[in-house]
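A short worksheet on the structure shown next.
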Amino acid sequence: MTRTISILGATGSIGDSTLDLVRRHRDDWRVVALSANCSAAKLAKLAREFGAEIAVVGDAACLPDLREALAGSGIAAEGGPAALCDAAARPVDVTMAAIVGCAGLAPTMRAIEQGRTVALANKEALVSAGGVMTAKVAEHGTTLLPVDSEHNAIFQCLSGGRTEDVRWITLTASGGPFRTKSQSELEAATPAQAVAHPNWDMGAKISVDSATMMNKGLEFIEAHHLFPVGLDRLRIVVHPQSVIHSMVEYRDGSTLAQLGPSDMRVPIASALAWPERMDTPCEPLDLAGVGELSFFAPNEDRFPATRIARDAARAGGAAPAVLNAANEVAVAAFLAGQVKFTQISAISSRTLDSYAPPAPRSLDDVLAVDAEARARAGTLLEPA
Ligand code: NAD
Ligand code: MG
């Protein structure tokens with residue numbers, strides 16, 4: 001049976017992987033909405049290829065280019081944050097939420113309000129909104145399926161299990177491109193080095209997060225909301241081969257792990273087909289070829305981000321939204337050559353120290369905290 005899908009963030013890395021699967025299973029899917037921030041030419045090309053109903057650019061300044069590129073196609077073209085939310089509210093069986101950053105929060109919330117299935121790649125949205133988002137999911141009876149490879153792995157390992165029987169959830173981390181670098185090498189790390197991830201091909205922001213280990217910190221908070229076993233039952237282990245995507249240990253001593261190639265099409269396919277399975281063209285796992293799997297405790301002296309995120313998770317309330325906003329500002333500044341690599345975590349930590357607003361109770365509260373934390377983090381940017 002044909003199912004309908006909208007992809008928020010269709011021109012990014014997750015968008016590409018999702019559309020690759022849709023392309024390979026063309027008869028199973030009808031595409032409703034596709035969005036991008038700008039990239040009008042790429043978005044229009046995809047909208048035409050997949051016969052989308054509507055294409056939306058988040059940045060309204062890019063709308064004239066989109067309109068021109070879609071002229072005569074019969075595909076609606078819209079622009080701006082409100083249009084993006086309206087497109088996300090169009091009824092579909094599955095929404096792939098794959099915008100990067102808190103910019104994806106409002107449209108993801110609109111998709112959640114449909115009460116259908118939301119495949120969530122956009123971890124920053126859940127980290128920022130936390131209970132505001134999970135309450136919305138519960139209110140509308142929405143199926144929220146994690147796409148982040150670790151959380152998708154945990155979701156699979158938990159199926160058939162009871163959270164009260166869980167002893168540990170272990171998030172694996174590759175350690176990123178700087179895992180073995182010294183503190184002085186980290187001080188001098190460049191954006192080009194940071195985005196060159198050894199195992200995964202991803203967007204620039206998450207690649208930098210991977211290098212600082214803030215990605216794992218955000219994922220720790222994400223896991224806390226998706227799998228409410230308590231923060232004391234969540235831990236992180238560095239596993240450089242990225243073969244085991246995460247693990248669940250039950251109280252009888254059984255540990256279940258999900259393994260697979262480092263290809264996001266595996267967790268995306270798992271979410272798109274859930275509770276069934278679909279074919280992917282991914283390389284089968286060649287364990288003899290991998291040879292050895294290794295595991296290390298995270299080094300929080302060189303990579304303080306996981307500690308900062310754990311503290312923010314413990315503080316709860318608005319702290320994760322403040323952390324996420326500050327990190328987004330700091331990562332953008334690093335990518336623009338404005339601050340050093342090691343300042344990214346320092347800016348996040350200092351923003352958290354300077355700003356402790358009350359717990360957000362609504363989407364508007366979360367967005368207000370996000371805006372204020374961005375402004376404060378902006379004042380902490382010092383030249384590299
Ligand atoms: P990306 O930078 O490649 O793509 C981001 C997408 O969001 C693009 O379509 C872009 O146009 C759109 N976008 C960016 N800013 C926007 C804005 N202000 N308003 C509207 N749209 C905007 O990022 P990605 O690597 O595909 O990551 C997307 C999300 O998935 C992130 O939250 C990331 O953490 C998560 N994720 C990615 C991977 C991966 O392998 N790439 C793995 C796990 C989780
Ligand atoms: Mg991940």
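The values are calculated or read from the model by the stated rules, or taken from the named source; none is laboratory data. If you're wondering where the values come from, they're calculated on a predicted model, not measured in any experiment. When we count neighbours, we look across all protein chains shown, and the Cβ atoms used for this are built from the backbone with ideal geometry, even at glycine.
Of the residues making up segment 291-321, those that are polar (S, T, N, Q) and over 20 Å from the mean Cα position of the chain (by Cα) are SER294, ASN299.
Of everything in segment 207-225 that is under 23 Å from PRO261 (Cβ atoms) and in contact with a Ser or Thr (Cβ under 8 Å, 6 or more places away or on another chain), the residue that is nearest to ligand 1 (Cβ to nearest atom) is SER210.
Of the residues making up segment 204-213, those that are more than 12 Å from ligand 2 (Cβ to nearest atom) and under 19 Å from ALA125 (Cβ atoms) are ALA204, LYS205, VAL208.
Would you say SER362 is out of contact with any Pro (no Cβ under 6 Å at 6 or more places or on another chain), among the polar types (S, T, N, Q) and surrounded by fewer than 17 Cβ atoms within 10 Å (Cβ to Cβ)? When the stated conditions are applied, SER362 passes them. The residues on offer are GLU283, GLU276, GLU292, GLU300, and the sole one that is in a loop (DSSP other than H, G, I, E, B) and at pLDDT below 95 is GLU283.
Restricting attention to segment 11-37 and to residues that are of a type in the set (A, V, I, L, M, F, W, C) and farther than 16 Å from ALA76 by Cα, the residue that is surrounded by the most Cβ atoms within 10 Å (Cβ to Cβ) turns out to be ILE14.
Being within 30 Å of LEU293 (Cβ to Cβ), within 16 Å of ligand 2 (Cβ to nearest atom), of a type in the set (Gly, Ala, Ser) and out of contact with any Asp or Glu (no Cβ under 9 Å at 6 or more places or on another chain) narrows it down to one residue among SER159, SER174, SER182; which is it?
The conditions single out SER174.
If you go through segment 41-68 and keep only what is under 16 Å from ALA10 (Cα atoms) and either out of contact with any strand residue (DSSP E or B) (no Cβ under 6 Å at 6 or more places or on another chain) or not aliphatic (A, V, I, L, M) (or both), you end up with ALA41, LYS42, ALA44, LYS45, ARG48, GLU49, PHE50, GLY51, GLU53, GLY58, ASP59, CYS62.
Residue count for segment 57-94 under the criterion of being crowded, with 21+ Cβ neighbours inside 10 Å, more than 16 Å from ligand 1 (Cβ to nearest atom) and within 22 Å of the chain's Cα centre (by Cα): the result is 1.
Residues checked against (1) in a loop (DSSP other than H, G, I, E, B); (2) crowded, with 23+ Cβ neighbours inside 10 Å:
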{"residue": "ILE99", "(1), (2)": "yes, yes"}
{"residue": "PRO107", "(1), (2)": "no, yes"}
{"residue": "VAL127", "(1), (2)": "no, yes"}
{"residue": "ILE154", "(1), (2)": "no, yes"}
{"residue": "TRP168", "(1), (2)": "no, no"}
{"residue": "LEU171", "(1), (2)": "no, yes"}
{"residue": "PRO177", "(1), (2)": "yes, no"}
{"residue": "ALA192", "(1), (2)": "no, no"}
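Output yes when any residue across segment 253-270 is assigned by TED's automatic domain parsing to the domain that holds ASP311, over 13 Å from LEU171 (Cα atoms), within 14 Å of ligand 1 (Cβ to nearest atom) and touching a Phe, Trp or Tyr at 6+ places or on another chain (Cβ under 6 Å), and no when none is. Checked segment 253-270: at least one residue is assigned by TED's automatic domain parsing to the domain that holds ASP311, over 13 Å from LEU171 (Cα atoms), within 14 Å of ligand 1 (Cβ to nearest atom) and touching a Phe, Trp or Tyr at 6+ places or on another chain (Cβ under 6 Å).
Of the listed requirements (1) outside any helix (DSSP H, G or I); (2) within 16 Å of ligand 2 (Cβ to nearest atom), PRO91 misses just one: (2). For segment 256-263, does any single residue satisfy the condition of being acidic (Asp, Glu), more than 19 Å from the chain's Cα centre (by Cα), surrounded by fewer than 21 Cβ atoms within 10 Å (Cβ to Cβ) and not in a strand (DSSP E or B)? For segment 256-263, residues acidic (Asp, Glu), more than 19 Å from the chain's Cα centre (by Cα), surrounded by fewer than 21 Cβ atoms within 10 Å (Cβ to Cβ) and not in a strand (DSSP E or B): absent. Is at least one residue of segment 222-230 of a type in the set (Phe, Trp, Tyr), away from ligand 2 (no atom under 13 Å from the Cβ) and either under 26 Å from VAL100 (Cβ atoms) or out of contact with any Cys (no Cβ under 9 Å at 6 or more places or on another chain) (or both)? Scanning segment 222-230 turns up at least one residue that is of a type in the set (Phe, Trp, Tyr), away from ligand 2 (no atom under 13 Å from the Cβ) and either under 26 Å from VAL100 (Cβ atoms) or out of contact with any Cys (no Cβ under 9 Å at 6 or more places or on another chain) (or both).
Taking (1) outside any strand (DSSP E or B); (2) touching a residue at least 60 places away in the same chain (Cβ under 8 Å) in turn, SER246 satisfies each apart from (1). Would you mention how many residues in segment 129-152 are more than 14 Å from ligand 2 (Cβ to nearest atom), in contact with a helix residue (DSSP H, G or I) (Cβ under 8 Å, 6 or more places away or on another chain) and assigned to a loop (DSSP other than H, G, I, E, B)? Residues in segment 129-152 being more than 14 Å from ligand 2 (Cβ to nearest atom), in contact with a helix residue (DSSP H, G or I) (Cβ under 8 Å, 6 or more places away or on another chain) and assigned to a loop (DSSP other than H, G, I, E, B): 2 in total. Would you say ALA288 is surrounded by 23 or more Cβ atoms within 10 Å (Cβ to Cβ) and at negative phi? Considered against the rule, which asks whether it is surrounded by 23 or more Cβ atoms within 10 Å (Cβ to Cβ) and at negative phi, ALA288 comes out as no.
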